[in-house]
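J.: This is the structure, below, for whatever I ask next.
What follows draws every value from the coordinates through simple rules; no lab data is involved. Quantities reported herein were computed from a predicted structural model and do not represent experimental measurements. Cβ placement follows ideal geometry from the backbone for every residue including glycine, while neighbour counts extend to all protein chains displayed.
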Amino acid sequence: MLKIDNLTVVYPGEKIKAIDSVNLTAGLGENIALIGENGAGKTSLLLAIAWVIEKANGTIEIDGIQLSGKTIGEIRKRVGLVFQNPDDQLFMPLVFDDVAFGCRNFGLPENEVKTRVDETLNQLNIVRLRNRSSLKLSEGEKRMAAIATVLVMEPSVLMFDEPTAFLDHKSRRLLIETLKKLHHTKIIVTHDLAFAAELCSRVVIMKEGRIAADGNPALLYDKELMQNCGLEAIAGG
């Protein structure tokens, strides 16, 4: 479970709040689409939850543990962030080593690392990529490998930044079916509204660092609301 209370983020040297007094709770197994125009604060919110941004006011809790300098190690076991560009998470010689990196970094025994990696690759149906270099993978394969690097840590909350970016239709469909099978709490930043409508039971719309609307996917078809937030509604609503 994720709970955010009165979170505010101002980047160094900036006056405008990237995140402005945001309150958000995500329940167990919820799929939440986080949408908004560029600069609305979506990615900043993910980075604050993952403590990539440390200078934030307010509180963030994961599974009842409040995020702080003292708890960051435990929090990073419980929340995983999949970046928009898979190359930001794939940098080792082989996919196995990329997926194993986090576990090794936390000092897990090598036999447990191997077990976790193999189970994760099998769960995502990408065992065939185990001994391949990410440099030779398709964009869809890279996306799955990047997800594996996070999933292997057994988090309770998964966060995605534009997960359908760079994907062709086949890879996008595979991603949707894969995410449907993962029963984690998910926060998904996306401009792909059809993807959000199919996968997510809840939509949170951000505008100028604040939450402008929070509800079911019907929000994506609300022309007036979407236009007021700098977005284009899904046709046919």
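J.: Give the longest segment of the chain that steers clear of trypsin sites (Lys or Arg not before Pro) in DSSP loops with at most 13 neighbouring Cβ atoms within 10 Å, not counting the sites themselves. Please list the in-between numbers first.
T.: Numbers: sites that count: LYS15, LYS55, LYS70.
With a cap of 13 other Cβ atoms within 10 Å, the longest stretch comes to 71-237.
J.: Can you give the local net charge around LEU81? Use residues other than it whose beta-carbon is closer than 11 angstrom to its beta-carbon, Lys and Arg +1, Asp and Glu -1.
T.: Values: positive: ARG76; negative: ASP88, ASP161.
Result for the neighbourhood of LEU81: -1.
J.: Compute the acute angle (0 to 90°) between the alpha-carbon long axis of helix 110-123 and the principal axis of greatest extent of the alpha-carbon atoms of the chain; round to the nearest 10°.
T.: 60 degrees
J.: Let me ask something else about it. Any idea how far apart ASP118 and GLU224 come out in nm if each label point goes 7 Å out from Cα toward Cβ?
T.: 6.0 nm
J.: If all Cα-Cα distances of the chain are sorted into 5 Å bins from 0 onward, what percent lands in each bin, rounded to whole numbers?
T.: In order of increasing distance, the bins hold 1, 7, 14, 18, 19, 17, 12, 8, 4, 1, 0, 0 percent.
J.: Residue by residue through segment 148-157, what is 3J(HN,Hα) from phi via Karplus (6.51 cos²θ - 1.76 cosθ + 1.60, θ = phi - 60°)? Round to whole Hz and write x for glycine and proline.
T.: 4, 5, 8, 4, 4, 7, 6, x, 9, 10
J.: Using amide H atoms built in the peptide plane, which far-off residues or other-chain residues are under 5 Å from THR25 H to H?
T.: ILE4
J.: For segment 120-171, take the convex hull of the Cα atoms, compute a quarter of its surface area, and give me that in nm², please. Don't skip to the answer; put the middle values down first.
T.: Working: hull surface 15.9 nm².
Result: a mean projected hull area of 4.0 nm².
J.: If you take every residue apart from ALA194 with its C-beta less than 13 Å away from the C-beta of ALA194, what net charge results, scoring Lys and Arg +1 and Asp and Glu -1?
T.: Numbers: positive: ARG172, ARG173; negative: ASP192, GLU198, GLU232.
Surrounding charge for ALA194 is -1.
J.: Ranked by Cβ crowding within 10 angstrom, fewest neighbours first, how are CYS229, CYS200 ordered?
T.: Numbers: CYS229 20, CYS200 23.
Final ranking by Cβ density, sparse to dense: CYS229, CYS200.
J.: Further question: As an exercise, use a Förster radius of 30 Å and the Cβ-Cβ distance of THR8 and GLU154 to find the FRET efficiency, rounded to the nearest 0.05. Don't skip to the end; give the middle numbers.
T.: On the way: r = 31 Å, r/R0 = 1.02.
Calculated value: 0.45.
J.: Sketch the reach of a paramagnetic label on LYS181 as a point 7 Å from Cα along Cα-to-Cβ, and name the residues of segment 127-143 whose backbone nitrogen lies under 13 Å away.
T.: 127-128
J.: Considering the Cα positions of segment 34-108, please state its Rg to one decimal place and its Dmax as a whole number of Å.
T.: Taking only Cα atoms of segment 34-108, I get Rg and Dmax of 14.3, 41 Å.
J.: Same structure, new question: Would you mind estimating how fast segment 1-125 diffuses translationally, via Stokes-Einstein at 25 °C and 0.890 mPa s with the Kirkwood radius over Cα pairs, in µm²/s?
T.: Numbers: Rh = 16.5 Å.
This corresponds to a translational diffusion coefficient of 149 µm²/s.
J.: Given H placed 1.01 Å from N in the peptide plane, which residues other than close sequence neighbours of LYS207 have an amide H under 5 Å from its amide H?
T.: Excluding prolines and chain starts, which carry no amide H, the hits are ALA212.
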